[in-house]
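Let me begin by presenting the structure, written as structure tokens, before commenting on it.
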Amino acid sequence: MTAKLELSSNQKTLKDRIIVALDTSSLDMVKKLVGELEGYVSLYKVGFELFTAHGWDAVDLVRKKGADIFLDLKYHDIPNTVSKAAEVICEKDVQMFNLHTLGGLEMMKKTREAVDRRSAIRKRKPIILGVTILTSHSEKDLARDFGMNKTLDQSVLDLAGLAKKAGLDGVVSSPQEVEMLRKEFGKDFIIVTPGIRPPGSPKDDQKRTFTPQEAFECGASYIVIGRPITSVSNPRQAMEKILESL
Ligand code: C5P
């Protein structure tokens, strides 16, 4: 085991802005990772794979270890259904969750209202993020398959604008879009970005990646990192290296 890293105050702040993606279906793996990274990581992303396999047990396990949760389930349904699901989320005490902006203004507004109402009697209010255009879509796909004839950037800006209008706290975006979104929506808009690779890490299936430092410099509020931390032999050392690079 490596000695505990002495973090500068700037690194301490940045540490709380790094979200580690728990992309696994194994609860044992989660236990092992969260144990190894105790003190180094304060926020984990639980997405479809883990949630489909273990539901709230996975969330509870991480919360019991003292870390927090970004619930990445990208809700996309009618206003009543999503807002009711959001009320359940409020009972579960996660730090942030997301929904699809393409679910529409009404759905986002209703969810905002439900979270505000439910959180008034809870100890805290989860951050609500909107997903704009999935990075797996190209401009060509959007035009051909959905009749969306705007540029990709314009679609992202318009959907992020809709999220803001509905009262959402921010968006999830690719690192390429962070600077544009920060300029457009100002300093209080929360921007969470995956697609991050520390210097020297393999890109895996990510195409255009930013380093943690680049993403923060562009204005990211939080960055999401998965495999460069979770798929290496020494996750704690990987995290130390990332913190040292900032
Ligand atoms: O392992 P890696 O760092 O590539 O993991 C990134 C995480 O962010 C994964 O959970 C992936 O699903 C998520 N993500 C992404 N790109 C997006 C949206 C989400 O990589 N556009």
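A compact table of results
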read-out: Selection count, segment 50-87, where residues are open to solvent by less than 10 Å² (accessible area, probe 1.4 Å) and among the aromatic types (Phe, Trp, Tyr); value: 1
read-out: All strands (runs of 3 or more DSSP E) inside segment 135-226 with 1 or more residues being of a type in the set (A, V, I, L, M) and away from the ligand (no atom under 14 Å from the Cβ); value: 190-193
read-out: Qualifying residue in segment 148-162 (condition: of a type outside the set (A, V, I, L, M), buried (at least 21 other Cβ atoms within 10 Å of the Cβ) and without any contact (Cβ under 8 Å) to a residue 60 or more places away in the chain); value: no
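The values are calculated or read from the model by the stated rules, or taken from the named source; none is laboratory data. It should be emphasised that the depicted structure is a prediction, and the values quoted were computed from it without experimental measurement. Backbone-built Cβ (ideal geometry, glycine too); neighbour counts: all protein chains shown. Remember, those area values only see protein heavy atoms, side chains included, never the ligands or the DNA or RNA. Shrake-Rupley method; radii C 1.70, N 1.55, O 1.52, S 1.80 Å.
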